[in-house]
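Just so it is clear, none of the values below were taken in a lab; they were calculated from the coordinates. Here the structure is a predicted model, which means the values were calculated and not measured. Cβ coordinates were reconstructed from backbone atoms using ideal geometry, including for glycine residues, and neighbour counts include every protein chain displayed.
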Amino acid sequence: MRTIAIHDTRSGRLLPLEPREPGKVGIYACGPTVYGRIHVGNARPFVVFSLYKRFLEHEGYDVTFVANVTDVNDKIYDAARAAGVESEQLAAEMTAAYVADTDALGLGRPDHEPLARETIDEIVALIAVLIERGHAYAVEGDVYFDVRSYPAYGELSHRDVDQMDQGEGISGASLKRDPLDFALWKAWKDGEDTSWDAPWGRGRPGWHIECSAMAETLLGVGFDVHGGGSDLVFPHHENEAAQTCAARGAPLARLWMHNGMVRLEGEKMAKSVGNIFLLHEALAAHGRDALVAYFCGGHYRQPIAYSDERLAEAARSVERIREAGRRLVTGSASPDDLSGLREAFFAALADDFNTPRAMAAVFDWVREANRRAEAGSPVGDADLREMLQVVALDNLLDATDGADAPDAAAQELLARREAARAARDFAAADTLRDELAALGWTVRDGAAGPELIRRG
Ligand SMILES: [Zn+2]
């Protein structure tokens, strides 16, 4: 097996993937908080970790990918109140919209998509262990994690304990023993429509403990890769790591893998900034192929700029692949001397999932295949298909989209050209080729016979 390296946020180093159980990899990635339709920035972790799973499967691993849905959260309560609907109803509608929007990316579903509201028993049990072990305390129905009881706090985000702000606002802070502490459970307040019973009083869980419980329930403690956006490193992931390790005496995950943000005009794309481009709008405008290629064009750890020009560029690169695909010999092995490029593709993915470097190998391969097709010896498509399958773009080799299908008039001109060529009437064949060009078609003579290609 190839050595696969991932940049681990906790150690700050590139570390080899050494699965807890040989041949098996468990990945947990934090999913969206469902209070509105998701934007392109929210889609990035879904794409990165879905493609990472494909790569690991190509390498022979049995992968379990868990992406949760945060459906119990203050943002949902606020949005539901503003819209005048029940929070449970808003969360259910937005969860369905999230599934539909991400389905349209054509990457399949994660193996498990747990909901916070279906994991309440596990959450309550985990909080009870933290109280029992002296790492958490209840105050007037709230429960807080005692950060100073856990000396390793800050090891993930590398922040100094005294410079941390849990971002929980002033109201909750008054009940905390220390401003550094964070909420595991929030007591029910008048006007809130969702709550559950717990030994310390009726209420609802905090966001961080939800993920610790969902991840542990589905993957066990000490699973392989915990992922998510880099904006979650602190406080969300720092708190997940602290809670689980304090309760179980073992680390939550072996490696922490964080993706960079999507930026529009230099700013992080987030609802709070207001510069949203919704995923379903982006899909309608550019198509899933261009969107997937766009994400692959940036290294997952780096921020990626979002603009119509970037998407148009991605659409052109997709067209280049589709075009090259039409000149390949379908279902045939690729020439041995091109396998170095296929190897470069997989080596790039093994090296901290470097998709831009991998895609460069795809385009080098395509350029060489085109050169050979023009020289009259088209090559087999096996290598390209194998590479594109991993980045979920192998459909480009099967595309027979209606817009590009030659009509009857073009087909007839092509048949007459073939007849002229068979009769060795090359002048007539050339005239017919020019007539096809005037209709917007280029004739390409491949091993499987002549084909009509829409002129760009
Ligand atoms: Zn999470």
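Think of each Lys and Arg Cβ as +1 and each Asp and Glu Cβ as -1; about the Cα centre, that makes the dipole of segment 344-425 roughly 420 debye. As an exercise, use a Förster radius of 35 Å and the Cβ-Cβ distance of residue 409 and residue 374 to find the FRET efficiency, rounded to the nearest 0.05. Calculated value: 0.80. For residue 185, the residues 5 or more places off, or on other chains, whose built amide H falls under 5 Å of its own are 143, 206.
Considering only 211, 302, 167, the residue lying farthest towards the positive end of the dipole of the chain is 302, judged by Cα position with unit charges set on Cβ.
Applied to segment 133-144, the Karplus parametrisation 6.51 cos²θ - 1.76 cosθ + 1.60 on θ = phi - 60° returns per-residue 3J(HN,Hα) values of 8, x, 9, 8, 9, 9, 9, 6, x, 7, 10, 10 Hz, with x for Gly and Pro. When only the Cβ of Lys, Arg, Asp and Glu is charged (+1, +1, -1, -1), the dipole of the chain relative to its Cα centre reaches about 880 debye.
The simple Förster model, with R0 at 45 Å and r as the Cβ-Cβ distance, assigns residue 307 and residue 430 a FRET efficiency of 0.55. Calculated FRET efficiency, residue 81 to residue 160, Cβ-Cβ distance, R0 = 35 Å: about 0.45 to the nearest 0.05.
Helical content alone sets the calculated 222 nm signal of the chain at -13500 deg cm²/dmol, taking -39,500 (n - 2.57) per DSSP H segment of four or more residues and averaging over every residue.
Dipole magnitude for segment 402-454: about 120 debye, using +1 per Lys or Arg Cβ and -1 per Asp or Glu Cβ, origin at the Cα centre. Which of the aspartates and glutamates could a cross-linker span from residue 176 if the Cα-Cα distance has to be under 12 Å and same-chain partners fewer than 8 positions apart are dropped? Qualifying aspartates and glutamates at Cα under 12 Å: 140, 142, 146, 168.
Averaged over residues, the count of other Cβ atoms within 10 Å places the peptides 237-246, 215-224, 307-316 in the sequence 237-246, 215-224, 307-316, highest first.
Evaluate Rg over Rh across the chain, taking Cα atoms for both radii and Kirkwood's formula for Rh. Ratio value, two decimals: 1.08. Positive-end ranking of 115, 233, 22 along the dipole of the chain, with charges on Cβ about the Cα centre, is headed by 22. The translational diffusion coefficient of segment 308-397, from Stokes-Einstein at 20 °C and 1.002 mPa s with a Kirkwood hydrodynamic radius over alpha carbon pairs, comes to 163 µm²/s. In this structure the amide hydrogen of residue 15, modeled in the peptide plane, comes within under 5 Å of the amide hydrogens of 6, 7, 8, none closer than 5 places in sequence on its chain. Put a dot 7 Å past the Cα of residue 347, heading toward its Cβ, do the same for residue 14, and the two dots end up 1.2 nm apart.
Take 153-162, 15-24 and order them by the average number of nearby Cβ atoms within 10 Å per residue, most first; the result is 153-162, 15-24. Highest mean packing first, where packing is the average number of other Cβ atoms within 10 Å per residue, the peptides 419-432, 124-137, 38-51 line up as 38-51, 124-137, 419-432.
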